[in-house]
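Worksheet: one structure, shown below.
What follows draws every value from the coordinates through simple rules; no lab data is involved. Treat the numbers as computed from the prediction; the structure is a model and nothing was measured. Using ideal geometry, Cβ is built from the backbone for each residue, glycine included, and neighbour counts are taken over all protein chains shown.
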Amino acid sequence: MSLDKWQQDVLDTEGNMVLRSGRQVGKSYIIAQKAAQYALENPNRLIMVIAFTEKQANLLFSKILNNIVRQDKSKISKPKPTKHVIKLKNGSEIYCYAAGDTGYGIMGYTIDLLIADEAAWIKEEVWNSITPALAVTKGTMWLLSTPYISEGYYYECFNDPSFTSFHQSSEDCPRISEEFLEEKRRRFTAQQYSQMYLGEFVDDFRRVFSDEWIDQVCTLPEINNGGDFLGVDVAGMGEDESTFEGLKRTDNILKQTHHEVTTKTRTTDTTKKILDLDQTFNFDKIGIDSGGMGVGVFDQLLINDQTRYKVVALNNAVNIEVDKEGKTQKHKEAMYANLIGLGERQEIKLFDRKDIKMSLRSIQMEENGRISGRYSHIVEGIIRSAWLGKDKDLNMRVYSINIDGRR
């Protein structure tokens, strides 16, 4: 692929760098090429690739390996590369790890080059753990991400004169069509589009779930054994993921009992997946967004004898009555408020998984009250399962979610 000017500038830049951009502009492509060149040309260096989740880190790590193979496969040392380590004959090594909540698993390394993908989503505690690893070597950092809110380590580095900063909009990428961008403008709010495709820091977003809330709720070891309630967020064949989240009520606490994610699946495959899960675990209720992509799955489950009395329509856009005085609220906001309240009262426990935590951390609220998130699919499944499992003996109440994440 011929390089854009800004990509060539990235290749030519030395020292610390921060890249912020809209989606699909080619930032990981060029960083992978630059990292491969660095490893091949500089002997006895330790390069560390991190992201909040292992899946994210592995995507960039795989691209670096592909670039090394393409540039000079003979320089790769034995044993063969694993999903965590590439060793070269010149003594340089490339490692790949999830940063997680604390960065504890990365401590102890002496790093010459740190590459952080989706750096805006990495917690502050991680940076405190990792940056000392660069002190002895006076090492270099390359941070790349779509932006988040205007705070935190990544944001500060973008405005730090010791870093070379790059900002690239999806609208300026010649490989992204205007038709694609126009569809995204229709789908997202102006703030969402600005953040995800223009690569702008957006100040009128606030997180819905605080780190304190997440740390208090996400404590269970992962044991997938079904549950009473299944919440499903349905995606199509594109880049989004479908998620299947199970909860079980035990001693007045909802405990997560199932978590599963599928990618690039047809709605017919998602329907079959739900039927198979229900055949195995016999859920009491199955909640699906009956609008958008979910409508086809909902309709199929509604006419199936196995699930017709279990499936529940939980349409994000529908107004529902949420108290005895007849007050109404969008179903989506009511489900999020329900989940927040359950966590605050310590009446729900979720798996201690990085992807679940990242999905929770990604949920944001605009000043107009609209809730969204780049990695919202897991939480969208959880809010449905939690809604099905709420105690029906309790009076339903209207909750408003303040922009700082509290009720």
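Computed from backbone phi, the HN-Hα couplings of the range 354-360 come to 5, 5, 5, 5, 5, 4, 4 Hz, rounded to whole numbers (Karplus: 6.51 cos²θ - 1.76 cosθ + 1.60, θ = phi - 60°; Gly and Pro given as x).
Less than 5 angstrom separates the built amide H of ASN316 from those of SER290, GLY291, all sequence-distant by 5 or more or on a different chain.
Give me ASP278, ASP112, ASP172, ASP233 sorted ascending by neighbouring Cβ count inside 10 Å, so fewest comes first.
Working: ASP278 19, ASP112 22, ASP172 15, ASP233 27.
Ordered by Cβ neighbours within 10 Å, fewest first: ASP172, ASP278, ASP112, ASP233.
Each residue of the range 172-177 is assigned a 3J(HN,Hα), and the resulting list reads 9, 8, x, 8, 9, 6 Hz, derived from the Karplus form 6.51 cos²θ - 1.76 cosθ + 1.60 (θ = phi - 60°), x at Gly and Pro. Taking every C-alpha pair closer than 8 Å and separated by at least 6 residues, the mean separation divided by the residue count of the range 5-196 gives a relative contact order of 30 percent.
Values (1) 0.97; (2) 0.99; (3) 1.03 are given for comparison; Rg/Rh (Cα atoms, Kirkwood Rh), derived from the coordinates here, is the one labelled (2).
Quick check on the range 253-334: take the gyration tensor over C-alpha atoms, sort the square-rooted eigenvalues as a ≥ b ≥ c, and tell me if it's rounded (a/c under 1.5), prolate or oblate. Prolate shape, in that a/c is at least 1.5 and a/b is the bigger ratio.
Applying a threshold of 27 Å to the alpha-carbon distances of LYS5/LYS87; LYS34/LYS89; LYS5/LYS138; LYS27/LYS75; LYS63/LYS264; LYS55/LYS87 flags LYS5/LYS87; LYS5/LYS138 as lying beyond it.
With axes computed from alpha carbons, what is the tilt in degrees of helix 178-187 against the longest principal axis of the chain, rounded to the nearest 10 within 0 to 90? Tilt relative to the chain: about 40 degrees. Candidate cross-link partners of LYS330 among the lysines, defined by an alpha-carbon separation under 26 Å and a same-chain spacing of 8 or more, comprise LYS184, LYS248, LYS255, LYS285, LYS310, LYS349, LYS357, LYS390, LYS392. When ARG249, ARG361 are arranged by Cβ crowding within 10 Å, least crowded first, meaning fewest neighbours, the order is ARG249, ARG361.
Report the full-extension gain for the segment THR137 to GLU125: residue separation times 0.36 nm, less the Cα-Cα distance, to one decimal in nm. It would help to have the intermediate numbers written out before the result.
Details: separation 12, 0.36 × 12 = 4.32 nm, distance 2.14 nm.
Here the answer is 2.2 nm.
When the alpha-carbon atoms of the range 223-293 are used, the pair Rg, Dmax equals 12.3, 40 angstrom. Under a 5 Å amide H cut-off, with hydrogens placed 1.01 Å from N, GLU260 pairs with PHE244 among residues at least 5 apart or on other chains. Legend: ranking of residues LYS330, LYS73 from fewest to most surrounding C-beta atoms inside 10 Å; resulting order LYS73, LYS330.
The C-alpha atoms of the chain define a longest principal axis, and helix 267-281 lies at about 70 degrees to it.
Under the criterion of Cα pairs below 8 Å and six or more residues apart, the relative contact order for the chain equals 16 percent. How far, in degrees from 0 to 90, does helix 377-388 lean away from the longest principal axis of the Cα atoms of the chain, to the nearest 10? Compared with the principal axis, the helix lies near 20 degrees.
Treat every Asp and Glu Cβ in the chain as -1 and every Lys and Arg Cβ as +1, leave all other atoms uncharged, and give the resulting dipole magnitude about the Cα centre to the nearest 20 debye. With only Lys, Arg, Asp and Glu charged at Cβ, the dipole is about 1020 debye. When a/c reaches 1.5 or more, the comparison of a/b and b/c decides; with that in mind, is the range 207-388 rounded, prolate or oblate per its Cα gyration tensor? Rounded, because the longest to shortest axis ratio a/c is under 1.5.
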